[in-house]
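Notes for the one structure printed next.
Every number here is computed from the coordinates shown, using simple stated rules; none is lab data. Values in this document were obtained by computation on a predicted structure and should not be read as measured data. When we count neighbours, we look across all protein chains shown, and the Cβ atoms used for this are built from the backbone with ideal geometry, even at glycine.
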């Protein structure tokens, strides 16, 4: 199949941060081309965005329903292969469901849906249709996160005992919703869902810990806060977590940690070793040992694992950043999709991207941690 | 009073880590001289230690009771002014009580006592006798910890919202009690008390957060673990903490965090700014702001507060370490003691050392966090 | 002009590192599309690369001469707008000259040419033809490098006194030419030119210092080494540099600094302040002041300069890396080219990319520093 | 010999930085006691300092000549064992010569003397008298510097190729001599000697490189600057250095590097590995390897060398700082001196302190680097 994979986009109009990021990420490796989109619920904004992206006017749609309808009618050599949905949380479920029903593969920004119930339905739909589904938990795309997971699953650290994962941000430290479009929907329960901070970034932290350790969280004991007056959703919180196999975790997420940018960090300690990774310096993975010096593992050196090297593009010392991590999700998804379109079995490394299962886990985490504030029970279960 | 302050020591014989540290710390500024000691419960070991410290044989005692008895009988120009007690936790209470009763001022290693009940009695005795009492929460002695406290109390960060304090160590990651004397008593409930990790280092973390923020913890929700098989005390734990005024904290302490050395770290976020300090790079204090670059505040630059400069000895860029922090406790204590011996009121900066109140807080923390494992209640109170 | 800018490529076939980087960089912002190429001097390799890039076979050429000839004959709505030349150094001059003569704009990897004489001719040709010319000194594309330059030119640091620029790498620490294609041509005088290390990375360091400070180096006193036996070009060297206005610099570059990856770093000190930037943690710029804490300036925060923000894509805390820096060169070049193609004057920020003047400076630096080894004179001039 | 070693001090009166440092360092380990001093050329100041140090008035002298005369007349059980000379550079030679002649061992602050000629004479006197001589190149006292030296001499890095040593400070960035006593004598050729920056800190950098690598510098090509108007000595400079065996070095020292504190740093690269050490984070030594992750070697872990552990006092993770490094010099010197006084051969680890040979090397470095500004020759020899 000697052509690029064709992507349509829902959302990502003027003022969207994440839409542009998705486009760069999809574009970066030259495997995907944007062929159509409905970038805004306001047709004129959608048109203007489409034009700035050099799309033909007839492939820029006034509504996502129209787009899914019309694209489905195009011949196979022309219509989009998958749709990337980058709208606020309350507009995830409906277009994703319809896209799957119309036969499109789907890439979806996290958290998966507005509610856990929706997430379960969507996951069932993914299974039913057999389409590929990408949930963009970006941080799992970093080469050193792959390396971390490889090391843990390989047993280098021994049985996992202790997990610390934290995600402090500061940008919502005051009442900025009126002036910041990105803030506005995130603090609005009608668009964001039951959780604010925990939905926006807590889910990333939760996912990262499960991805790296391969362990499922089983119980949670937490507390959420809303520090900014009149805000309707949590802007901070922390939880103790019990994992299967006896490991214990602490998860901390905050959007009022003044002056912090995007400081996702994880530490894992096992019986034989420990590791540490920080998103803001993502090409470094620290490994700690009981009886020899800590090691500074760095992206794409000769000594890293195959899966880590596979998710790198440039020689060691040439920093790979957030967009490259994001692009890894799209590239792996596109590689798997290409195989599927060619009737082949995708390689295991191509299937290494977050999907519906991770999405349901994230929604369950959100609903559960929100519940911790409304009950006297110390521990709430995170499993079915 | 043109002489050095005279110190006696109980504990600190062969194989003791903390005894030698106390001696260096007391010695460092040339304000205190060691004049007598009972360094071990084994007289021959005590004698050998005394000799290596160039003490006259008659001032090296076979038991601490003998020492306190005999020193009290010496003329004022000769007998020790205060005693430094550096024994394991179960031998804190009795010698401290007797020393106070005999008219000596007391320096005591933390945690204060074996039980909260003892701590309360000891605090009452301190109050009753009017003697000076130093509890060596070393980490409050660092210049940048003083600076952090100054900044918070000065309101630079605004009202405190969020506190993260963590203390990962790795040295007890396996069953080392048989071969490591330092480990042996710390994991033995008969010598250490109700808590292992939480008594040894959790108390430091707890104290540091209260010291820097000036806030009292009011409720705690935690869980302790014992990861190493057959160990009798906790070697790891974490807690959510509520502070007065609405601030929220997370406290994490572990002695099984493989490869970590002594990684005490605190972050505090207020309505207007945040700060971050790490014990392993103690001369740096990071201040974070919402709308301007983070600042790297460094020990003893011209711009630091008076109280911070007062606790420094060398120009900026000449690292001050753990022993200097420890020495600050002794120097401040000695300065206050000198004033007292001269019949003067100690200056406020001389009284800046942890004392009985902090000791009782620490013991209450230990007893409470141990209780969190034995109850279904989510939140336990940390106040009277 | 509602279409993407059309790029052709010379070089960048199998095993090329920098060719793929150029393609990603050009592709990243969706402003440029690759339309043709001659990727290898071996036609079958060129074809295979073209196919993997989804190019139509008729736009994949067997030689660069053929490509330039045939593209020039295509109608304006179809032919490439510019050519990107990513071959080893000895194949820079001829295709660049011909491309300009054929009316194409040119992007060229550094160093500009094989010799200073060629560089001067090429610069004259650029001037004569009036075409846009991009020389990919990647490191000037980083947002924090832009910020650094802005701060210096703005006078924040005062008059510049002292510059330290260093570029240690370790990958050529042993005789790896036989097994590493990237190494092979770089250590071959017939393909690399007069210098090895200094041509490959010394020029980047030299360029970065001139870019950030806005100062021209006037004299150089240096020494080159070849540490690896039987190597024919320098693999290490250092120089003292005199800049106009009295500033003094040290330049260090090495490819035998074992274990170093790509550690370009610059420090500039003026009469009022200093700055520090490291390529391996590129989103941080440290500013130092005499009487207040050092500041940690970070990419794309609200407080950074306009030119720095213009060269960023994602919010603060989402690391931008090497590819984004590279993409900035292409995006700015493409923006300027679009303006030119539309008959408009490019905006100043679009013209912020290295060009022929920087290329000639770099070649002069190479020829001069190589000469320092062959003369007794202490200082050699770096100006006409 | 069951007593402390007895120290006298010349210099170190009010306003002296380094005098207090020497006293703390000598005092820290409880092996040395200060017994007498002449702390200032002004008798009343000397008396006041002596009193604040709890010295008996009869052991506080009005002139250093008087002190050396009178101490020499005291009985052996009472008189000082050695004298510590902490005066400005122009008052090093005479008291050191006289002290040796009077039979005292000597500790002397660096640089050794005012001129190379004096240094040679003093070294000859040391040899002639057979007394112990300590030159306080403090930075060689750090445990991780010991470890670095051990690793290089042990061959872990292979044959040394490249050395970078740098020492940027910022405190003399402007004309502060009038208000800063420490600055005043350092920038005064009558008290400091031929060099300013290079004498004060360049010598430390030079010494550190020779100490760690065990290599002697043979030739130097440098340039000094005086950036601050009307200053009479250099405040900045850099040099290329050739070492025996073919290694090459760069030495950079500056006191106008605004905002830098005391940023001594060294990197050494050999054929098999590299190392990096920074004084401002002194408990970390980075080791770099070609084919495996860099290692973070940390003070006093179980894996460090014996000589490094011998120069540590507290467990890993308890930072040892500048004063501890300084104290190591005194402790080693005192240990060697005790052996000597007891008629024993000092252990090799006790003789690990800088002495007269290092002092002469330092003075030769100063005289040579100053000469580089006054000659057209590119390379000046650094050997006899």
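Centre-to-centre, using Cα atoms only, segment D:153-219 and segment D:74-119 are separated by 22 Å. A point 7 Å from Cα along Cα→Cβ stands in for residue A:292, and the other copies hold the same point at 0.4, 4.8, 4.8 nm, listed in rising order. Note on chain C: GNM, Cα springs under 10 Å; of C:358, C:281, C:342, the largest mean-square fluctuation is that of C:342.
Against the compact-protein benchmark of 2.2 N^0.38 Å, the Cα-based radius of gyration of the protein assembly as shown scales to 0.96. Rounded to the nearest 0.05, the FRET efficiency derived from the C-beta distance between residue C:244 and residue C:357 at R0 = 25 Å is 0.95.
Where the alpha-carbon atoms of segment B:116-173 are placed on the principal axes, they occupy 40, 39, 23 Å, in descending order.
Among D:227, C:39, the order by Cβ neighbours within 10 angstrom, fewest to most, reads D:227, C:39.
Working note: Debye formula, equal point scatterers on the alpha-carbon atoms of chain C, no solvent; log10 I(q)/I(0) at q = 0.08, 0.09, 0.14 Å⁻¹ is -0.40, -0.51, -1.26. Just to confirm my numbers, what's the Cα centroid distance between segment C:282-359 and segment A:327-342 in Å? Value for the Cα centre distance between the two parts: 32 Å.
Using a ≥ b ≥ c from the Cα gyration tensor of segment D:214-270 (square roots of the eigenvalues), is it rounded, prolate or oblate, where a/c under 1.5 gives rounded and otherwise the larger of a/b and b/c decides, a/b for prolate?
oblate
With only the Cα atoms considered, segment C:177-278 has a convex hull volume of 108 Å³ per residue. Ordered by the number of other Cβ atoms lying within 10 Å of each residue's own Cβ, fewest first, C:367, A:320 fall into the sequence C:367, A:320. The angle between the Cα long axis of helix D:18-27 and the longest principal axis of the Cα atoms of chain D comes to about 80 degrees, rounded to the nearest 10.
Can you give the FRET efficiency for residue B:345 and residue C:281, using 1/(1 + (r/R0)^6), R0 = 60 Å, r = Cβ-Cβ distance, to the nearest 0.05?
0.75
With the convex hull built on the Cα atoms of segment D:81-238, state its orientation-averaged projected area in nm². Could you put the intermediate results ahead of the total?
On the way: hull surface 43.7 nm².
Seen from a random direction, the Cα hull of segment D:81-238 projects 10.9 nm² on average.
In this assembly of identical copies, the label point of residue D:371 (Cα plus 7 Å along Cα-to-Cβ) is separated from its counterparts by 2.8, 7.9, 8.3 nm, sorted shortest first. Put simply, segment A:11-164 fits an ellipsoid with semi-axes of 32, 18, 15 Å; these come from the alpha carbon gyration tensor as the roots of five times its eigenvalues, largest first. Restricting attention to chain A, close to 60% of DSSP beta bridges with both partner residues there are antiparallel. Relative to the other identical copies, residue B:181 shows label-point distances of 4.5, 6.4, 6.9 nm, where the label point lies 7 Å from Cα along the Cβ direction and values run shortest first. Chain B comes nearest to the axis taking it onto chain D at the Cβ of one residue; that residue and its distance, in whole Å, are B:321, 2. For chain A, the longest principal axis of the alpha carbon atoms and the long axis of helix A:322-341 meet at an angle near 60°.
Where the eigenvalues come from the Cα gyration tensor of segment D:129-209, what are the semi-axes √(5λ) of the equivalent ellipsoid, largest first, in whole Å? Please report the intermediate quantities before stating the final value.
Working: eigenvalues 194, 63, 25 Å².
Value: 31, 18, 11 Å, ordered largest first.
Counting other beta carbons within 10 Å of each residue's own, what order do B:235, A:376 fall into, fewest first? Please list the in-between numbers first.
Numbers: B:235 25, A:376 8.
If I rank by nearby Cβ atoms, fewest first, I get A:376, B:235.
For a modelled paramagnetic label at residue A:154, 7 Å from Cα along Cα-to-Cβ, the residues of segment A:262-294 in reach, with backbone nitrogen under 19 Å, are A:267-278, A:283-294.
Looking at the protein assembly as shown, what % of its DSSP beta bridges pair antiparallel, to the nearest 5?
On the way: 150 of 250 bridges.
Rounded to the nearest five, the antiparallel share is 60 percent.
Model label points for residue C:176 and residue A:124, set 7 angstrom from Cα along the Cα-to-Cβ axis, are 5.5 nm apart. To test your reading of the geometry: what angle, between 0 and 90 degrees and rounded to tens, separates the Cα axis of helix D:116-129 from the longest principal axis of chain D? On a 0 to 90 degree scale, this one is about 60.
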